[in-house]
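Okay, so here's the structure we're looking at.
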Amino acid sequence: MSLNTLNEKQLSAHVVVLGNEKGGSGKSTTALHIAVALMKAGQRVATIDLDGRQKSFTHYIENRRAWGERARVKLELPTHYCVTRGESSSLDANEAKEFAAFSAAIAAVEHSHDVVVIDTPGNDTYLMRLAHSMADTLVTPLNDSFLDFDVLGHIDATNFTVTRESHYSEMVREARRQRRLVDGCLTDWVVVRNRLATLTSRNKKLVGEGLTELSKRMGFRSVDGFAERVVYREFFPRGLTALDDLDETVLGTQPNLSHVTAREEVIALLNTLNLPLSETGKRRAAARAEWYSVMDQPLQVHDVIA
C-alpha cells in the first residue's frame, strides 16, 4: 500500500498536522487551540485523532462537548473522527484497517470543510508517516529543553552546536520529499517552542541557537508557543482553550491575569502559523460579530488569525 494513495487526491481542505515522536510536547493542546481559533474565524473545521490508543485529542473534544452541555454555554465543536487502532495479530491487516478508517474520514470532510487538523501519536506508526506526507502545514510542538531537542537533532556536548539531524527530522524530510513528488507542493514546517520559561536563561538561549542552526539545514520555522502555565493543564478536563470567553460561567472559575496572558500568547502563535482563511469563512465570522454587537453580547475572538 503506497503512502501516496491519499495524496493523489487533490484535497480542497488545508491539512494541518501536529507531529512529534516524543510525547508530552503539547500536540493535543496545540491542535485544539488551532481548531477553535479557526472555527472562531468562521472556518469549517474537521479534526482527526490518529492516536487510537491514548486518544488525548478525542478526550479533549469530548470534554469540551460535555462541559458545554453542563455549563449551558455554546462552545465551538469540530467535526471529529478518531481512527481506531488495529488489534489483530497481523501487521498488514491492522495497517489496512487503519488506512481504510483514515481514508474514510478524509473522504467525508475533504470537500465540505476548509481545514482538517490531524493529531498524530508520539511514536513512529504507518498512519503518522502518512499524515506527515499529506501536511500543508506541519506543526511540531517541542518542549524547550535539550532532552526534547534530541528528537530533531544531536548536540555537541562541548560547544552545543548541532552535529547531525535526528530520526524525526529525517522522517519529516522524506515525508516532505514525497509530498513534492506527488503534487509539487511544499509543506510549511513550523517548530513551536512550548513550556518556555518566562525569564531568560542559558538553556533557553542555547536551545534557541540550536533550533536556528538546525532550521537552516531542515527548512523549518521556529516560533514561540505556550509558556509553562497552570491554566493550560486546567483547560483539559473542561475541554476549554485560552480563546474561549473569559467568563466565570464558561471557565467554571473566576478569570485571572494568567488567562489573559495565555490568550495573548496563543493569538501570537496563531498569527505566526499563517494559516489560510476562506473568504466565505471570513464573512461568516463578520456576520457573527455583527450579530453579537446587535445583541449587546461579549464578542468571541473571531479574528485571532489575520
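The values are calculated or read from the model by the stated rules, or taken from the named source; none is laboratory data. As the structure is a prediction and not an experimental result, all values here were calculated from the model. Here Cβ is always computed from backbone atoms with ideal geometry, including for glycine, and neighbour counts include all displayed protein chains.
Points to keep in mind about this one:
- Of ASN123, ASN159, all but one fail to be within 23 Å of HIS59 (Cβ to Cβ) and polar (S, T, N, Q); the exception is ASN123.
- Check on LYS40, among the charged types (D, E, K, R) and free of Cβ contacts under 8 Å to residues at least 40 places away in the same chain: no
- Check on VAL116, β-branched (Val, Ile, Thr) and more than 21 Å from the chain's Cα centre (by Cα): no
- Any pair with Cβ under 8 angstrom, 6 or more apart, that starts in region 251-264 at a residue that is within 17 Å of ASP224 (Cα to Cα) and ends at one that is β-branched (Val, Ile, Thr) and surrounded by 11 or more Cβ atoms within 10 Å (Cβ to Cβ): ALA262/VAL231; ARG263/VAL301
- Meets criteria (within 27 Å of TYR168 (Cα to Cα), part of a loop (DSSP other than H, G, I, E, B) and either at pLDDT below 90 or not polar (S, T, N, Q) (or both)) for LEU275: yes
- Matching residues, region 43-56, being hydrophobic (A, V, I, L, M, F, W, C) and either closer than 19 Å to ASP114 by Cβ or without any contact (Cβ under 8 Å) to a residue 12 or more places away in the chain (or both): VAL45, ALA46, ILE48
- Qualifying residue in region 103-121 (condition: buried (at least 18 other Cβ atoms within 10 Å of the Cβ) and polar (S, T, N, Q)): yes
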